[in-house]
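Report on one structure; see the data block that follows.
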Amino acid sequence: MRWLLLPLLLLAFLSPRQECETRVIVEVPARVAGEAPTLQTPPLRVGSPTAPLGTDRAGRDARCLLSRGLARSLTLALTVLALGVLPGLVLGMWLGWRGRPLALPGEVIVLLALVLLLGRDSFRLVLALGVTAVTARLVAVRVGTVLREPFVEGALALGGGTGHLLRRHVLPHLLPGLPVVLATVLSAVFVWLMELGALGFYDRGTIVIAFTDNYDLVQDVQAFPLGADLGQLVSFFRWSWLDTPEQLVWPVLLLVALTAALKDLARWGGARRRVRPGASSS
């Protein structure tokens with residue numbers, strides 16, 4: 001599964017830099033040569049010559065929405081990872097040294113409570129706090145395991161101080177497993193984006209479009225995600241999945257694939273760290 005990261009990263013790298021075009025009327029080329037193209041009103045279903053993955057009701061191509069949503073999710077996840085991982089490392093080392101494991105009742109519940117408490121503008125800050133908490137928990141478990149090793153007890157018996165133990169005994173065992181920790185935390189961030197997005201919390205705004213004709217007394221006003229990550233796409237398209245189920249399925253599949261690939265990468269990295277080819281056993 002980890003090899004799925006390569007096409008996913010390529011899709012995100014090649015995503016359009018501009019917002020996906022909204023179209024009230026879509027010109028669909030004829031399937032048979034010589035026939036005139038037809039004009040259709042969105043949404044277009046899967047298999048349309050103009051949009052093979054379909055469109056939403058605003059006429060935006062699903063390929064554009066998905067590639068931009070994937071790029072947005074990766075950018076957001078890497079940003080909060082950069083903000084929260086260093087405090088998480090420091091906190092995790094302190095908790096592991098003090099023998100106080102960090103236990104949370106459920107990250108999503110805590111993040112949701114923080115967003116409600118601090119407001120929608122705190123979305124990135126809340127995600128960064130979640131990264132700090134998960135990183136600290138993983139690091140604390142690893143530090144606690146290292147401190148129970150016999151060589152640490154020997155260093156303590158010989159008068160080794162806190163700084164010496166952390167620098168010479170804990171960090172050398174912690175740093176090789178850091179990529180595994182980062183991959184695990186990233187996969188958690190993508191799960192949070194999907195779950196918080198389904199609850200109506202996200203990082204970007206919306207565009208409002210009114211649909212009407214001469215016979216409508218009341219306009220059909222709908223909000224569409226603008227510059228959305230995959231979690232926000234899930235949040236919005238879940239309301240129209242009966243009409244266009246594929247518009248909900250695509251972002252969910254991308255998020256599941258991204259999360260599964262990162263978790264498989266973490267497992268693979270952990271296995272390579274435990275089993276060193278060519279190492280002699282005593």
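The values are calculated or read from the model by the stated rules, or taken from the named source; none is laboratory data. Predicted model only: the values in this text are computed from it and were never measured. We place every Cβ from the backbone using ideal geometry, glycine too, and count neighbours over all the protein chains shown. Remember, those area values only see protein heavy atoms, side chains included, never the ligands or the DNA or RNA. Shrake-Rupley method; radii C 1.70, N 1.55, O 1.52, S 1.80 Å.
A few points about this structure:
- When only alpha carbons are used to place a centre, region 173-210 and region 1-71 end up 24 Å from one another.
- At R0 = 22 Å, FRET efficiency that the Cβ-Cβ distance of R124 and A198 yields, to 0.05: 0.75
- Local electrostatic count, T75, Cβ distance below 13 Å [Lys/Arg +1, Asp/Glu -1]: +3
- Net charge over other residues, Cβ less than 15 angstrom from the Cβ of R137 (K, R count +1; D, E count -1): +2
- The slack between A82 and W239, meaning 0.36 nm per residue of separation minus the straight C-alpha distance, is 53.2 nm.
- Exposure ranking of L112, L127 by accessible area [1.4 Å probe, largest first]: L112, L127
- Protein-only accessible surface order, largest first, of T132, T212 at 1.4 Å: T212, T132
- T259 sits with roughly 10 Å² accessible to a 1.4 Å probe, with DNA, RNA and ligands left out of the calculation.
- On the beta carbon distance between L178 and V249, with R0 = 30 Å, the FRET formula returns roughly 0.30.
- R267/E19 FRET efficiency (R0 35 Å; Cβ-Cβ; nearest 0.05): 0.40
- Extension gain from R98 to A36, taking 0.36 nm per residue of separation minus the Cα-Cα distance: 14.8 nm
- Across V139, V249, the residue with the most accessible area heads the list, and the full order at a 1.4 Å probe is V249, V139.
- Sparse-neighbour loop sites [GluC sites (Glu not before Pro); region 22-123; at most 13 other C-beta within 10 Å; DSSP]: E35
- Applying the criteria of a DSSP loop state and at most 11 other Cβ atoms within 10 Å to the trypsin sites (Lys or Arg not before Pro) of region 23-119 yields R31.
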